[in-house]
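Participant: Would you mind keeping the following structure in view while I ask a few things?
The values are calculated or read from the model by the stated rules, or taken from the named source; none is laboratory data. Computed from a predicted model, the values in this text were never measured in an experiment. We place every Cβ from the backbone using ideal geometry, glycine too, and count neighbours over all the protein chains shown. Only protein heavy atoms, including side chains, enter the accessible area calculation; ligands, DNA and RNA are left aside. Shrake-Rupley method; radii C 1.70, N 1.55, O 1.52, S 1.80 Å.
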Amino acid sequence: MYDVKCDVVIIGGGPAGLAAAVAAKEEGAANVLILERDNALGGILQQCIHPGFGLTKFKEELTGPEYYSRFVVKAEELGVNYMLNSMVLQVNPETNEVFCANSEHGLTRVQAGSIVLAMGCRERTRANIVTPGTRPSGLYTAGAAQRLVNRQNIMVGKKVVILGSGDIGMIMARRMTLEGAEVVMVVELMDYLAGLTRNRVQCLDDFGIPLKLAHTITRIEGNERVTGVWVAPVDENKQPDKSQEEFVACDTVLFSVGLMPENELSRKAGVEINPITNGPVVNQYMQTSLPSVFACGNVVHVNDLVDNVSEESARAGKYAAKYAMKTLADAKREVKCVTGRNVRYLCPQTIQVTEEAEKVSLYFRVLWPELGAKLIARCGEEVIAQKKEFRVNPGEMCHVTVDTSKITGDEIVVEVLKEEA
């Protein structure tokens, strides 16, 4: 067995893993190692050739490859090590060991002072949402189609229907149109947009692509190749009204129906998982229920912007380095973060209150769209933080920042209230 020792080992070399690695080195960790299963760093951003990244982090608009390349350059300057073609098989938090299969060294054991989980997420498929019909060719997740078109120069179809208004689905609607395909429509089960408003404007409205809210695909037709789909409106219980079904001819269906954090390794290691996010329960340091294990990015909760992923992952890398160097501050007490009105989940789920006061941003998604909203964080009846938003939407992350010196009691409740007229 090939043995490696380091201060911080990071599983995943996408935008989360890269940001964590850079932050860990900047915090003073001498030896930082990234384990990446692909043959290159960058993760999903390798295939995201469209602009729109970096507006918050770098104050300029970048493509996906331009964005992650800045982190790769910084990581190499700082001396971050990485092993490509390395599939992690097991994480042992008791001994801080990670076992992986590496194409060059075979079975490899990495011993570290701390571990950062940055495995990202994967797409839900047709099987996950149980769409009826035949099983012809021409059915893809939006991300799979994006990889084929952008990285392998393979055109996936000529007449396309997209199920789901997630960001990658809308971006692929534009991409397929630019490649000469006809995107017939985007179909969304909910009565509101699942992705960012800017993507609806830039990818659908600007190209005249219809968006059918409160509709779904009821079945798929075709033998060797897709010939069409049946589309119907849904009622308030999300059940299709078959009496209003219409047949839509197409040769390709792209599924953009949500993402799932990749947490098989986390569960196997015994990390506590939040049932709403399906990611690890973390505190503001991105520390999981296992003290030596940290987590960041889409493996924790699915973010809308990669800039948020970078910020969150930098925290994970910083505090993983502190843990490895035994400089992480001890907590006086732990405070739970609790969801209130129109809040689906919170991240972090707990706050460690230490001697030193700090600002902690609580990120969340709402359950339903609302105009004229006030975001509130309170301890008991005392409001400790608040901000106003013109509009909130489930497709876009919200956050409110609290000062730990103002926290009283053992619980913070975050809620979205309707602004009084």
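Participant: Give me a count of the residues in the range 334-349 that are touching an Asp or Glu at 6+ places or on another chain (Cβ under 7 Å) and surrounded by fewer than 19 Cβ atoms within 10 Å (Cβ to Cβ).
Facilitator: Our first condition is that a residue be touching an Asp or Glu at 6+ places or on another chain (Cβ under 7 Å); within the range 334-349, this holds for 335-336, 338, 340-343.
In the following step, the residues that additionally are surrounded by fewer than 19 Cβ atoms within 10 Å (Cβ to Cβ) were identified as 336, 338, 340-341.
So the answer is 4.
Here's the yes/no breakdown for (1) in contact (Cβ under 8 Å) with a residue 24 or more places away in the chain; (2) open to solvent by 10 Å² or more (accessible area, probe 1.4 Å); (3) among the charged types (D, E, K, R); (4) over 30 Å from residue 386 (Cα atoms):
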| position | (1), (2), (3), (4) |
| --- | --- |
| 264 | no, yes, yes, yes |
| 281 | yes, yes, no, no |
| 287 | yes, yes, no, no |
| 313 | yes, no, no, no |
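Participant: In this structure, is residue 269 farther than 22 Å from residue 377 by Cα, more than 20 Å from the chain's Cα centre (by Cα), modelled with pLDDT of 95 or more and open to solvent by less than 40 Å² (accessible area, probe 1.4 Å)? Give the derivation first.
Facilitator: Working: farther than 22 Å from residue 377 by Cα: yes; more than 20 Å from the chain's Cα centre (by Cα): yes; modelled with pLDDT of 95 or more: yes; open to solvent by less than 40 Å² (accessible area, probe 1.4 Å): yes.
Yes; evaluated as a whole, the condition is true for this residue.
Participant: Considering only residues that are outside any strand (DSSP E or B) and either touching a Leu at 6+ places or on another chain (Cβ under 6 Å) or within 20 Å of residue 175 (Cβ to Cβ) (or both), look in the range 207-230 and name the one that is most open to solvent (accessible area, probe 1.4 Å).
Facilitator: Of all residues in the range 207-230, those outside any strand (DSSP E or B) come to 207-210, 213-214, 223-224.
After this cut, where a residue has to be either touching a Leu at 6+ places or on another chain (Cβ under 6 Å) or within 20 Å of residue 175 (Cβ to Cβ) (or both) as well, the list is 207-210.
Numbers: 207: 77, 208: 62, 209: 14, 210: 61 Å².
Within the range 207-230, the match that is most open to solvent (accessible area, probe 1.4 Å) is 207.
Participant: Moving on. Could you list, in sequence order, the residues of the range 378-402 that are within 24 Å of the chain's Cα centre (by Cα) and open to solvent by less than 50 Å² (accessible area, probe 1.4 Å)?
Facilitator: 392, 393, 394, 395, 397, 398, 400, 402
Participant: When you check residue 372 against the structure, is it at pLDDT below 95, of a type outside the set (Asp, Glu) and surrounded by 14 or more Cβ atoms within 10 Å (Cβ to Cβ), yes or no? Full working, then the answer.
Facilitator: Working: at pLDDT below 95: yes; of a type outside the set (Asp, Glu): yes; surrounded by 14 or more Cβ atoms within 10 Å (Cβ to Cβ): yes.
It is true that residue 372 is at pLDDT below 95, of a type outside the set (Asp, Glu) and surrounded by 14 or more Cβ atoms within 10 Å (Cβ to Cβ).
Participant: For the structure I just gave you, tell me whether residue 195 is among the small types (Gly, Ala, Ser) and within 17 Å of residue 394 (Cβ to Cβ). Give the derivation first.
Facilitator: Details: among the small types (Gly, Ala, Ser): yes; within 17 Å of residue 394 (Cβ to Cβ): yes.
Yes; evaluated as a whole, the condition is true for this residue.
Residue-by-condition table, conditions (1) among the small types (Gly, Ala, Ser); (2) crowded, with 24+ Cβ neighbours inside 10 Å:
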| position | (1), (2) |
| --- | --- |
| 138 | yes, no |
| 146 | no, yes |
| 150 | no, no |
| 160 | no, yes |
| 165 | yes, yes |
| 169 | yes, yes |
| 181 | yes, no |
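Participant: Among the strands (runs of 3 or more DSSP E) confined wholly to the range 290-367, which include 1 or more residues that are charged (D, E, K, R) and closer than 22 Å to residue 273 by Cα?
Facilitator: Details: elements: 293-295, 333-339, 345-347, 350-353, 359-365.
Where strands (runs of 3 or more DSSP E) fall fully within the range 290-367 and carry at least 1 residues being charged (D, E, K, R) and closer than 22 Å to residue 273 by Cα, they are 333-339, 359-365.
Participant: Six or more apart or on different chains, Cβ atoms under 9 Å: show the pairs whose first residue is in the range 227-241 and farther than 14 Å from residue 213 by Cβ and whose second is among the aromatic types (Phe, Trp, Tyr) and surrounded by fewer than 16 Cβ atoms within 10 Å (Cβ to Cβ).
Facilitator: Correct list of pairs: 228/247; 229/247; 230/247.
Participant: Counting only residues that are of a type in the set (Gly, Ala, Ser) and on the phi > 0 side of the Ramachandran plot, how many does the range 64-102 have?
Facilitator: Residues of the range 64-102 that are of a type in the set (Gly, Ala, Ser), as a first pass: 64, 69, 75, 79, 86, 101.
The next check asks that each one be on the phi > 0 side of the Ramachandran plot; those that pass are 79.
Qualifying residue count for the region: 1.
Participant: Quick one: which strands (runs of 3 or more DSSP E) sit completely within the range 1-92 and have at least 3 residues that are crowded, with 24+ Cβ neighbours inside 10 Å? Walk me through how you get there before you give the answer.
Facilitator: Values: elements: 2-11, 32-35, 51-53, 81-83, 86-92.
Passing ranges, in order: 2-11, 32-35.
Participant: Where in the range 125-194 are the strands (runs of 3 or more DSSP E), entirely inside, with at least 1 residues that are of a type in the set (Ser, Thr, Tyr) and either modelled with pLDDT of 95 or more or on the phi > 0 side of the Ramachandran plot (or both)?
Facilitator: Values: elements: 139-141, 159-163, 182-187.
Ranges flagged: 139-141.
Participant: Here's another thing I want to ask about it. Just to be sure before I move on: is residue 108 modelled with pLDDT under 95 and either of a type in the set (Val, Ile, Thr) or in a helix (DSSP H, G or I) (or both) in the structure I sent?
Facilitator: no
Participant: Given the conditions (1) open to solvent by less than 40 Å² (accessible area, probe 1.4 Å); (2) out of contact with any strand residue (DSSP E or B) (no Cβ under 8 Å at 6 or more places or on another chain); (3) of a type in the set (Asp, Glu), report the number of the one that residue 97 does not fulfil.
Facilitator: Status for residue 97: all satisfied but (2).
Participant: Please tell me if residue 283 is touching an Asp or Glu at 6+ places or on another chain (Cβ under 9 Å), part of a loop (DSSP other than H, G, I, E, B) and either among the β-branched types (Val, Ile, Thr) or farther than 30 Å from residue 137 by Cα (or both). Give the derivation first.
Facilitator: On the way: touching an Asp or Glu at 6+ places or on another chain (Cβ under 9 Å): yes; part of a loop (DSSP other than H, G, I, E, B): yes; either among the β-branched types (Val, Ile, Thr) or farther than 30 Å from residue 137 by Cα (or both): yes.
Here the answer is yes, as residue 283 does meet what is asked.
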